[in-house]
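This report refers to the structure that appears directly beneath it.
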Amino acid sequence: MYVTRIRHRVTFGCRSLLEPHSNTSMKTKYLPLASALLLAASAVTQSVTAQPGFPLYNEPYRPQYHFSPAMHFMNDPNGLVFFKGLYHLYYQYNPLELVAGHQSWGHATSPDLIHWTNLPIAIPEMPTGQIFTGSAVVDSNNTSGFFGHVPGGGLVAIYTLNQPAKEVQNVAYSLDDGTSYIEYKGNPVLDLQNPNFRDPKVFWYAPGNRWIMAVALPRDHQVLFYGSTDLKNWSFLSAFGPAGYEGFQYECPNLFQVPVQGSGETKWVLVVAINPGAPQGGSMNEYFIGNFDGTAFTPDDGVARLMDFGKDFYAVQTYNNVPNGAAIAVGWMSNWQYTQLVPTFPWRGVFTVPRVLSLRQNPTQTGAFLVQTPISLASLRDKTLFNGSTMVNPGTPLTISSQGNSSFEFRTTLVGGDAGRLDINILNAAGEEVTVGVDWDNNGQVYVQRGNTTGFSNRYFTNDFSTQESNLDNSIELHVLVDRSVLEVFVDDGIQVCTTSFFMAKGPPTEMQWQATNSPVLVQSLEAYTLKSIWR
Ligand code: FRU
């Protein structure tokens with residue numbers, strides 16, 4: 001983590017005029033003033049403008065169906081909540097620079113979790129500190145008293161105020177359906193006089209008729225649980241940890257319920273973000289499966305499981321108030337080891353496609369595992385690149401052109417021989433490539449390689465990721481999302497996931513070559529589609 005000096009001040013509770021890239025009508029209204037403020041700000045910070053020759057949202061590395069802010073730096077998803085027909089996506093945002101700092105809550109909404117509308121900053125940095133990660137809830141019964149005259153209540157944000165000497169938990173409420181927030185006069189609602197105490201995740205726990213907060217004591221490697229009936233007064237309930245991978249610190253805890261596939265039951269999952277100190281290096285999310293009784297989380301076993309075998313999946317948060325109760329998660333596709341250096345411009349930071357979470361008992365291993373299923377992108381499908389089954393023989397690659405598109409998805413079930421291998425090379429015209437591979441030798445490995453790319457070099461931007469995944473019938477199911485500079489690989493319905501950024505300097509990928517080694521590979525029910533841009 002970093003500590004930054006506060007270099008600009010805006011009035012809390014007012015819509016920030018520094019946000020330069022709303023695609024609503026606010027844009028035209030505020031743009032001249034926003035530009036002037038940005039110009040003034042650039043005297044003390046680096047100046048960020050659109051990339052010459054490229055319209056916003058069509059720069060070479062710009063994902064086309066993943067969310068990213070138009071400009072400047074984004075990290076954790078915050079305040080994920082469904083309210084009045086819209087999914088709100090708040091996020092850690094520096095509205096002035098391409099590195100972390102001036103942390104504020106950026107904002108976008110979506111009716112379908114696919115198409116996003118950028119909105120003005122919802123909670124700007126305060127004179128007293130930066131607005132760090134937190135969550136948002138719908139206070140429909142006005143438990144807080146903030147919504148006396150508003151039928152149906154409204155949104156309350158609970159976040160960390162990061163100050164030079166300490167981190168405290170604050171609340172703020174919105175009287176305009178989440179566009180802007182008013183600070184609660186009694187803040188902070190939790191203050192341990194501790195410089196490392198952050199990232200509250202709050203949700204309504206119906207059986208106990210109260211709100212529950214999970215919040216990190218990062219350097220103690222603990223998650224603390226608090227309870228409240230009004231979101232203002234919080235009492236300590238219990239502590240979890242140290243447990244699992246401790247790393248340097250715990251961040252962004254998240255406690256939620258998921259269905260156990262095929263059983264009609266639910267289980268509780270506690271996710272803890274570690275940074276740095278992931279086995280792969282830097283940042284990662286680990287999780288524990290167990291029970292929450294309204295006071296304490298008790299894991300079923302001592303096992304810390306990892307949500308991803310890549311390096312670009314961090315600070316995952318689940319949505320509150322989803323109509324059917326589903327656990328829908330969004331993660332940040334980067335790693336603190338190099339996120340402030342990656343070559344994207346004029347923005348840094350991308351979020352995963354939202355994923356629906358469930359638990360599955362794994363037949364080949366002990367215990368249950370989280371299954372991550374990306375929401376369907378069928379509405380974005382444009383050209384069908386392949387639809388059918390085929391055999392790929394050694395020496396005769398299957399070539400699939402994406403017809404000039406660098407945003408596509410494919411799904412298939414592969415069956416290979418015991419000593420066989422399949423490399424799916426996803427490449428550009430200059431031969432830069434990322435590879436998704438299955439190695440039936442070595443007890444079944446799935447791997448992702450991003451080393452054959454020239455856009456970014458950094459000692460921590462490591463190239464190769466793999467996991468063990470074997471099924472008795474030698475079949476492996478793959479669902480792969482490719483989007484110019486990001487890749488999401490879901491193995492066996494998402495029981496294993498690799499989330500990866502990659503940077504091809506000579507143009508984004510537009511072709512796939514499927515190469516078998518040692519023995520033929522049956523490619524069953526391959527469906528491959530180009531995906532339309534959500535930005536144009
Ligand atoms: C995680 C994190 C949080 C913190 C936020 C600051 O990436 O370090 O612990 O609240 O980012 O931007």
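Just so it is clear, none of the values below were taken in a lab; they were calculated from the coordinates. All figures in this text were calculated on a predicted structure; none of them were measured in a lab. When we count neighbours, we look across all protein chains shown, and the Cβ atoms used for this are built from the backbone with ideal geometry, even at glycine.
A compact table of results
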| item | result |
| --- | --- |
| Residue-span extension gain [Ser519 to Ser140] - 0.36 nm each, minus C-alpha spacing | 130.5 nm |
| Net charge, Pro218 excluded, C-beta distance under 12 Å - Lys, Arg +1, Asp, Glu -1 | -3 |
| Net charge over other residues, Cβ less than 13 angstrom from the Cβ of Ile274 (K, R count +1; D, E count -1) | -2 |
| Net charge over other residues, Cβ less than 14 angstrom from the Cβ of Ile400 (K, R count +1; D, E count -1) | -3 |
| Full-extension gain in nm, Thr49 to Asn443, via 0.36 nm per residue minus C-alpha separation | 136.8 nm |
| Normalised contact order of segment 410-513, rounded percent, pairs of Cα under 8 Å and 6 or more residues apart | 32 percent |
| Quarter of Cα convex hull surface for segment 97-171, i.e. mean projection, nm² | 6.9 nm² |
| By average C-beta atoms within 10 angstrom, highest first, the peptides 373-380, 498-505, 272-279 | 498-505, 272-279, 373-380 |
| Average Cα contact separation per residue, the chain, under 8 Å, 6 or more apart, as relative contact order % | 13 percent |
| The chain - charge dipole about Cα centre, Lys and Arg +1 at Cβ, Asp and Glu -1, debye rounded to 20 | 1580 debye |
| Gain upon complete extension [Phe236, Asp301; 0.36 nm per residue less C-alpha separation] | 21.0 nm |
| Spatially proximal lysines relative to Lys532 (Cα-Cα < 24 Å; intrachain offsets below 8 disregarded) | Lys383, Lys506 |
| Efficiency of FRET between Thr229 and Leu86 - r from beta-carbon atoms, R0 22 angstrom, step 0.05 | 0.20 |
| Cα point-scatterer Debye curve for segment 86-136, base-10 log of I(q)/I(0) at q = 0.27, 0.30, 0.32 Å⁻¹ | -1.01, -1.13, -1.20 |
| Acute angle (nearest 10 degrees) that the helix 26-42 long axis makes with the longest principal axis of the chain, alpha-carbon atoms | 90 degrees |
| Solvent-free Debye scattering, log10 I(q)/I(0), computed from the Cα coordinates of the chain at q = 0.06, 0.08, 0.09, 0.13 Å⁻¹ | -0.28, -0.50, -0.63, -1.32 |
| Relative pair counts by distance (%), Cα atoms of segment 368-439, 5 Å bins | 3, 10, 20, 22, 21, 15, 7, 2, 0 |
| Distance between modelled label sites at Tyr460 and Leu175, nm, 7 Å Cα→Cβ extension | 4.4 nm |
| Selected from Ser533, Phe461, Ser501, residue furthest toward positive end of dipole (segment 390-536; charges at beta carbon) | Ser533 |
| Segment 399-485: trypsin sites (Lys or Arg not before Pro) falling in loop per DSSP and having at most 16 other Cβ within 10 Å | Arg459 |
| MRE, 222 nm, helices only [DSSP H, n ≥ 4, -39500 (n - 2.57), over the chain, to nearest 500] | -1000 deg cm²/dmol |
